[in-house]
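First the structure, in the form of structure tokens, and then the observations on it.
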Amino acid sequence: MHKDLEKVVFTEEQIKKRVKELGEEITRDYDGKEIVAVGILKGAIVFFADLIREIKVPVKFDFMAASSYGSSTKTSGTVRILKDIDTDIENKHVIIIEDIIDSGLTLKYLKENFEHRKAASVKLCAMLNKPEGRRTDIKGDYVGFDVPDEFIVGYGLDYASVYRNIPYIGILKKEIYS
Ligand code: PRP
Ligand code: MN
Ligand code: MG
């Protein structure tokens with residue numbers, strides 16, 4: 001285990017199995033359709049790369065960069081779009097791919113933004129969900145795992161840009177950020 005972690009929450013094997021299940025579920029639900037998968041940089045990138053290979057209907061990729069945490073462990077409450085998608089999503093079936101839903105502010109903002117662009121449908125897929133962090137009514141349509149109310153890193157999730165490349169998911173030691 002990485003020395004800055006207090007505990008591993010999900011191992012590489014558990015992640016792989018769950019991602020495969022999510023891919024199968026999405027494949028069933030979108031039978032006969034094409035998906036535009038929009039990964040939210042930077043956190044979603046690892047999950048995005050794994051998930052899209054488990055989806056067996058046509059998938060187009062796009063990316064949006066949104067950030068609300070910066071180098072803090074608490075959301076600033078303001079979602080900043082740093083890069084927009086370049087696909088025209090009008091009448092398209094969009095799945096927004098995220099690493100985690102915590103307060104829900106990022107996804108609420110993005111979902112409404114995409115609905116205004118007249119997508120045929122907009123669904124939310126997140127590897128992790130932290131129910132205790134929620135400050136909005138947003139709910140994931142496809143969720144990998146629920147996580148406890150701790151600061152989680154790895155598998156794309158960072159603290160001050162570090163730890164994204166840890167291949168499993170763990171709880172960061174409090175002494176690292178306090
Ligand atoms: C994190 C995470 C989600 C969002 C979830 O992104 O990757 O995008 O926050 O939190 P919320 O539900 O409270 O909005 P962050 O702002 O840290 O940017 P990053 O993906 O580049 O790390
Ligand atoms: Mn993010
Ligand atoms: Mg982050």
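What follows is calculated from the coordinates using simple rules that are stated; it is not laboratory data. Only a predicted model underlies this, so the values are computations on that prediction, with no experimental measurement involved. Counting neighbours? That spans all protein chains shown, and the Cβs are built from the backbone with ideal geometry, glycine included.
Brief remarks on what is shown
- Computed from phi, the 3J(HN,Hα) profile of region 63-80 under the Karplus parametrisation 6.51, -1.76, 1.60 (θ = phi - 60°) reads 9, 10, 9, 9, 9, 9, 9, x, 9, 9, 8, 10, 5, 6, x, 10, 8, 10 Hz, with x in place of Gly and Pro.
- When each of Val147, Val38, Val59, Val162 is scored by the number of other beta-carbon atoms lying within 10 Å, the sequence from fewest to most is Val162, Val59, Val147, Val38.
- When the square roots of the Cα gyration tensor eigenvalues are ordered a ≥ b ≥ c, the ratio a/c for region 79-159 is 1.5 or more and a/b exceeds b/c, which makes its shape prolate.
- Among 14-24, 100-110, sorting by the average number of other beta carbon atoms lying within 10 angstrom of each residue, highest first, gives 100-110, 14-24.
- By definition, a body whose alpha carbon gyration tensor gives a ≥ b ≥ c is oblate when a/c is 1.5 or more and a/b is not larger than b/c, and region 14-107 fits this oblate description.
- Averaged over residues, the count of other Cβ atoms within 10 Å places the peptides 5-13, 44-52 in the sequence 44-52, 5-13, highest first.
- Per-residue 3J(HN,Hα) values for region 148-162, derived from phi via the Karplus relation 6.51 cos²θ - 1.76 cosθ + 1.60 with θ = phi - 60°, read x, 7, 9, 7, 9, 9, x, 6, x, 7, 10, 10, 6, 6, 9 Hz in sequence order (x marks Gly and Pro).
- Helical runs (DSSP H, four residues minimum) scored at -39500 (n - 2.57) apiece and divided by the length of the chain put the mean residue ellipticity at 222 nm at -7000 deg cm²/dmol.
- For Tyr155, distant residues with modelled amide H under 5 Å away: Ile166, Tyr168
- Quotient of the Cα radius of gyration of the chain and 2.2 N^0.38 Å, N being its number of residues: 0.99.
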